[in-house]
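Notes for the one structure printed next.
The values are calculated or read from the model by the stated rules, or taken from the named source; none is laboratory data. Every value quoted in this text rests on a predicted model; they were computed, and no experiment measured them. So basically every Cβ, Gly included, is an ideal-geometry build from the backbone, and we count neighbours across all protein chains shown.
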Amino acid sequence: MSTIKLKTEIPGPKSRALTERRAQAVPRGVYASAPLFIRHAENATLEDVDGNRIIDLAGGIGTNNVGNRNLRVLQALRTQLDAFLHLCFSVTGYEGYVELAERLNALTPGKFAKKTLLVNSGAEAVENAVKIARAHTGRPAVLCVEDAFHGRTMLGLTLTSKTQPYKQNFGPFLSDVYRIPFGVPADLRLRSRAPMSQEQVEELLDGVFRRVVSAESIAAVVVEPILGEGGFVVPPAGFLPALADICHRHGIVFIADEVQTGFGRTGELFGCTHFGIEPDLILTAKSLGGGMPLAAITGRAEIMDAPGPGGLGGTFGGNPASCAAALAVIEEFADGTLLARARSLGERFQQRAFSWQRQHAYIRDVRGVGAMQAIEFVQADGAPYAAAAKKLAQHCLRNGVLILTAGTYDNVIRLLMPLTISDEEFSEALDVIEGGLNAVATELDSQAIAAAH
Ligand SMILES: Cc1ncc(COP(=O)(O)O)c(C=O)c1O
């Protein structure tokens with residue numbers, strides 16, 4: 001039985017009316033991927049205010065790995081609501097915060113002693129990680145990579161690469177932040193998938209240390225193991241391990257931003273595991289909270305303890321309900337079934353996507369790890385093809401599938417559906433994508449014919 005049920009065109013009249021109210025009440029800077037308002041969600045199914053049923057491949061930008069309204073999460077929240085709501089961990093303690101810290105200390109890569117700080121958002125995790133690295137090293141500078149995204153606070157934006165729409169008009173940004181290629185320069189990425197040797201990465205960093213900023217001035221490197229907003233870019237094999245090794249030798253704190261790669265998305269709890277690295281600090285958010293706002297900085301105990309008492313915290317960080325939800329999320333992943341599911345969803349997607357690629361020349365790349373999968377579009381001359389990604393996303397929405405674009409050139413579509421999506425729903429959604437790809441191809445053909453006349 002099909003999940004998608006369309007009662008009106010999309011967006012329907014009620015969504016359109018709410019979009020008008022939104023325009024009056026909410027600043028235009030708050031982006032909306034889809035002009036859609038939702039009244040109910042269950043796992044990977046959304047029901048909009050017009051009664052349309054839609055399959056969700058966006059998962060709240062990767063926050064719903066365990067599904068929307070996951071039963072274990074709901075149960076944990078109900079129990080917590082009956083006990084107490086907010087207290088503020090800086091005023092009085094509660095077990096949930098400590099237990100979650102213990103669990104994250106044990107689950108994150110690396111057998112060394114660790115500690116965890118809880119905050120509210122991915123951007124706040126990035127901010128705090130850099131504060132902690134600076135306090136630990138006594139150094140000012142931070143290295144980040146091309147096409148990175150690290151959030152919308154001032155430091156998050158400074159570390160973020162994409163100018164439009166994220167950075168435009170918001171400067172000046174923070175000083176002492178320097179950007180290096182994500183292994184290979186962005187314009188060469190599609191041409192070569194060759195692994196990088198330790199020597200190549202040494203050479204890259206040596207040049208940076210000589211010409212840009214000395215290693216002795218660098219507190220931290222901040223890097224996503226796989227670029228999220230940047231277009232699901234997987235680094236060349238060898239890049240991250242060599243980078244981590246160089247950091248280690250120079251006393252630079254290696255910070256892995258796993259806000260989007262984390263919590264099961266790639267078929268491992270943490271994306272780093274695929275590259276065999278053990279970051280000094282690891283940042284999780286999004287799906288960690290099972291739909292509740294929560295982020296964590298987990299890392300080597302001696303680094304985490306660098307800031308003095310009172311140097312870290314915040315009113316809502318690690319609020320009791322979010323901690324309860326996160327502990328339930330960890331239980332959901334405990335037996336490995338969901339991780340296996342992430343891998344098999346990725347394989348199923350790739351099978352279909354490679355056949356689409358053989359059919360359509362404008363699909364330049366199919367890539368990803370586990371259920372973190374994307375397709376990149378280019379024009380006949382190889383230039384990024386943002387219009388194709390936009391048209392495809394619009395086609396999908398009109399036909400009952402919510403899917404997000406990504407990439408510095410907006411020419412990528414990406415999958416961030418709940419890992420709990422059923423086989424039938426996933427197939428149904430892939431059929432809609434396939435129809436969209438054919439529709440875009442037909443449009444391209446007719447444009448080419450028109451241009452030739
Ligand atoms: C890798 C990465 N870091 C940081 C952030 C910022 O997280 P938040 O939106 O929770 O502040 C995001 C959000 O998309 C992200 O993908």
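The set of residues from segment 410-424 being surrounded by fewer than 22 Cβ atoms within 10 Å (Cβ to Cβ) and over 17 Å from the mean Cα position of the chain (by Cα) comprises 420, 422, 423, 424.
Restricting attention to segment 46-63, the residues that are in contact with a helix residue (DSSP H, G or I) (Cβ under 7 Å, 6 or more places away or on another chain) and not aliphatic (A, V, I, L, M) total 4. Counted as qualifying within segment 253-364 are the strands (runs of 3 or more DSSP E) with 1 or more residues that are at pLDDT 95 or above and more than 16 Å from the ligand (Cβ to nearest atom), namely 253-257, 295-300.
In segment 237-252, which residues are touching a residue at least 24 places away in the same chain (Cβ under 8 Å) and either part of a helix (DSSP H, G or I) or surrounded by 19 or more Cβ atoms within 10 Å (Cβ to Cβ) (or both)?
Within segment 237-252, 239, 240, 241, 242, 243, 244, 245, 246, 247, 250, 252 meet the criteria.
For residue 388, the stated conditions hold: it is assigned to a helix (DSSP H, G or I) and buried (at least 24 other Cβ atoms within 10 Å of the Cβ).
Checking each residue in segment 1-51 for being out of contact with any strand residue (DSSP E or B) (no Cβ under 8 Å at 6 or more places or on another chain), over 24 Å from residue 165 (Cβ atoms) and not in a loop (DSSP other than H, G, I, E, B) picks out 13, 17. Within segment 166-183, the set of residues being of a type outside the set (Ser, Thr, Tyr), in a strand (DSSP E or B) and more than 13 Å from the ligand (Cβ to nearest atom) comprises 177, 179, 180. Looking only at segment 66-88, decide whether some residue is closer than 30 Å to residue 389 by Cα and either surrounded by fewer than 22 Cβ atoms within 10 Å (Cβ to Cβ) or touching a helix residue (DSSP H, G or I) at 6+ places or on another chain (Cβ under 7 Å) (or both). Within segment 66-88 (the criterion being closer than 30 Å to residue 389 by Cα and either surrounded by fewer than 22 Cβ atoms within 10 Å (Cβ to Cβ) or touching a helix residue (DSSP H, G or I) at 6+ places or on another chain (Cβ under 7 Å) (or both)), the answer is yes, since at least one residue qualifies. Counting residues in segment 19-30 that are under 26 Å from the mean Cα position of the chain (by Cα), within 16 Å of the ligand (Cβ to nearest atom) and outside the structural domain of residue 168 (by TED's automatic domain parsing) gives one or more. The residues of segment 201-235 that are aliphatic (A, V, I, L, M) and closer than 30 Å to residue 413 by Cβ, listed by number, are 221, 222, 223, 226, 227, 233, 234. Within segment 347-357, is even one residue touching a residue at least 40 places away in the same chain (Cβ under 8 Å) and more than 30 Å from residue 381 (Cβ to Cβ)? Taking every residue of segment 347-357 in turn, at least one turns out to be touching a residue at least 40 places away in the same chain (Cβ under 8 Å) and more than 30 Å from residue 381 (Cβ to Cβ). When residues in segment 214-235 are screened for being more than 30 Å from residue 33 (Cα to Cα) and crowded, with 18+ Cβ neighbours inside 10 Å, 5 of them pass. Comparison of 189, 193 shows that the only residue that is modelled with pLDDT under 95 and either touching a helix residue (DSSP H, G or I) at 6+ places or on another chain (Cβ under 9 Å) or surrounded by 13 or more Cβ atoms within 10 Å (Cβ to Cβ) (or both) is 189. Screening the candidates 61, 38 for the property of being among the aliphatic types (A, V, I, L, M), within 23 Å of the chain's Cα centre (by Cα), within 16 Å of the ligand (Cβ to nearest atom) and at pLDDT 95 or above yields one hit, 61.
The set of residues in segment 331-354 that are basic (Lys, Arg) and more than 21 Å from the chain's Cα centre (by Cα) contains only 352. Can you confirm whether residue 226 is touching a Gly at 6+ places or on another chain (Cβ under 7 Å), among the β-branched types (Val, Ile, Thr) and assigned by TED's automatic domain parsing to the domain that holds residue 147? Considered against the rule, which asks whether it is touching a Gly at 6+ places or on another chain (Cβ under 7 Å), among the β-branched types (Val, Ile, Thr) and assigned by TED's automatic domain parsing to the domain that holds residue 147, residue 226 comes out as yes. Of the residues 83, 125, the single one that is of a type outside the set (Lys, Arg) and touching a Leu at 6+ places or on another chain (Cβ under 6 Å) is 125. Of the residues making up segment 134-180, just one is among the small types (Gly, Ala, Ser), within 16 Å of residue 215 (Cβ to Cβ) and buried (at least 20 other Cβ atoms within 10 Å of the Cβ), namely 141. Screening residue 374 against (1) small (Gly, Ala, Ser); (2) assigned to a helix (DSSP H, G or I); (3) buried (at least 24 other Cβ atoms within 10 Å of the Cβ) leaves a single unmet condition, (2). Counting the residues of segment 256-302 that are closer than 16 Å to residue 317 by Cβ, of a type in the set (A, V, I, L, M, F, W, C) and surrounded by fewer than 24 Cβ atoms within 10 Å (Cβ to Cβ) gives 1.
Give me the helices (runs of 4 or more DSSP H) completely within segment 84-165, filtered to those with at least 1 residues that are within 16 Å of the ligand (Cβ to nearest atom) and without any contact (Cβ under 8 Å) to a residue 60 or more places away in the chain, ordered by residue number.
122-137, 154-159
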